Amino acid sequence: MKSASSRRRFLQSSKALVALPFLESLGFRRFASAATPSPPQRLVFLAMGYGVTEDAWFPDVKQTGADYELPPGLMPLARHKADFTVVQGARHHFTSEGHWGSTYWLTGASRYGDGGSSFHNSISADQVAAAHVGQQTRFASLQLNGSEKTIAEAGHGPGLSLAWDVRGKPMGGLDSPLATYHRLFSRENVSLDERQAMLTQKRSVMDAVLEDARDLKRGLGRTDKNKLEEYFQGIRDIETRLSKDELWQDKPKPEAPLLQPPEAGLKGLEEIKLMYDLMLAALKTDSTRVITYRQPIADLLTSLGIKVAAHDMSHYTPGIRREASLRRDEANSDLLAGLIDRLKTTREADGSRLFDHTAVVFGSNLRTVHNVDDCPTILTGGGAGMQLGKNLVLRQGTPLCNIWLTLLRGIGAPVKRHGDSTGVISELLG
């Protein structure tokens, strides 16, 4: 790393490549004033597979605007009520598949839109955004998945991630925190075995760039030194949590029938938390500005001690199925609240919050059971200029793609329409 301009973004060794957050001491403000007048706009889509518990998740449709009562399923988000908007009434006109929670969520395409074919899709909203803002980052977009392997477990429907390219073909995603971690922090010329060995041996990627990092810190102001140390500690914390995944992934279960081994790897609740932390690291370092995450559901239920199968839970009836569904909603809301906390406390180089420049969508293409109307949708973050703090009830049947079109235009993408959109949603515009 010879120059200040290169050190502004990366520290590297033969095994690690660590992107840096924007630091004022390394000329970010001068760079920004010449190229980008403010921190970049980001867009994050988080999808759940099997919808929600309808009567406990949606606010009362008669209580519109800011003066509405949070339902039980959203209560963990209470501290952020002024900073998210619930949107009701939107759906995709062409979608009818009752088990496909995300296949068409970001596209709005018709399954039979290609004559003579039984399956068709089109470009997803995240890839439209990536075409606009992705050329300025190492990764045009980042596609993440839960570790569940089957459609029946996840409730998402066909696809390799939430993303579909300009031809309507599925785009692959990273299926674990470990794979995501290596994509962000490991050199591509280092074998997977070597990468895993670094964590197994409790060696940090920070160790690999330690000398260069120390040299870098000598040239920083106090604020940037604190910011850099906080970021490095965050990487070490992620590594610590991943080390359990490494320790158990190749260990066989004991043969004794009465002795059960610890669960191998990070699943469910802890998996989602760690994925959220990795997303923050990717955004903070400007490694990407567009992220999608197709979240797990069966593993989430298991990690909550729930023994009801995910599909059975989605057909909730009074009793243990409904209790499982409610606990799922509360867990998702609590996880989202934690992500918002971190977005608010993470600072940009100009002192603003990462939250102020990131638009986050949380939702599903399914409402509940097999119903595909009134798709549950939460919008948060200051990116894309959205109006927050409201219960927004749209006319029933409003295209969900109208929301995506509004967000895309909010980040500056010159898009006339998306999917089955009919126009932007003026009530969302700041």
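The values are calculated or read from the model by the stated rules, or taken from the named source; none is laboratory data. Predicted model only: the values in this text are computed from it and were never measured. For neighbour counting, all protein chains shown are included, and Cβ atoms are generated from backbone atoms with ideal geometry for every residue, glycine included.
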message: Restricting to segment 360-394, give me the number of residues that are out of contact with any helix residue (DSSP H, G or I) (no Cβ under 9 Å at 6 or more places or on another chain), at pLDDT 95 or above and among the charged types (D, E, K, R).
response: 0
statement: The condition from (1) part of a loop (DSSP other than H, G, I, E, B); (2) on the phi > 0 side of the Ramachandran plot; (3) in contact with a Leu (Cβ under 6 Å, 6 or more places away or on another chain) that Gly412 misses is numbered (3)
field: Candidates Leu405, Leu379 - the one that is touching a His at 6+ places or on another chain (Cβ under 7 Å) and either in a loop (DSSP other than H, G, I, E, B) or over 25 Å from Ser303 (Cα atoms) (or both)
entry: Leu405
message: As an exercise: evaluate Gly319 against (1) more than 21 Å from the chain's Cα centre (by Cα); (2) at negative phi; (3) of a type outside the set (A, V, I, L, M, F, W, C) and give the number of the one condition it does not meet.
response: (2)
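In segment 132-149, which residues are without any contact (Cβ under 8 Å) to a residue 60 or more places away in the chain and either in a loop (DSSP other than H, G, I, E, B) or under 17 Å from Lys169 (Cβ atoms) (or both)?
Taking segment 132-149 first, the residues without any contact (Cβ under 8 Å) to a residue 60 or more places away in the chain are 135, 149.
Residue satisfying the conditions is Lys149 alone.
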- prompt: Within the bounds of segment 98-112, is there any residue that is of a type in the set (Val, Ile, Thr) and either in contact with a Leu (Cβ under 7 Å, 6 or more places away or on another chain) or at pLDDT below 65 (or both)?
  reply: no
query: For segment 332-345, does any single residue satisfy the condition of being more than 13 Å from the chain's Cα centre (by Cα), at pLDDT 95 or above, closer than 28 Å to Gly98 by Cα and crowded, with 20+ Cβ neighbours inside 10 Å?
result: yes
message: Condition first: in contact with a Lys or Arg (Cβ under 7 Å, 6 or more places away or on another chain), small (Gly, Ala, Ser) and closer than 23 Å to Pro71 by Cα. Now tell me which residues in segment 360-410 satisfy that.
response: Gly389, Gly397
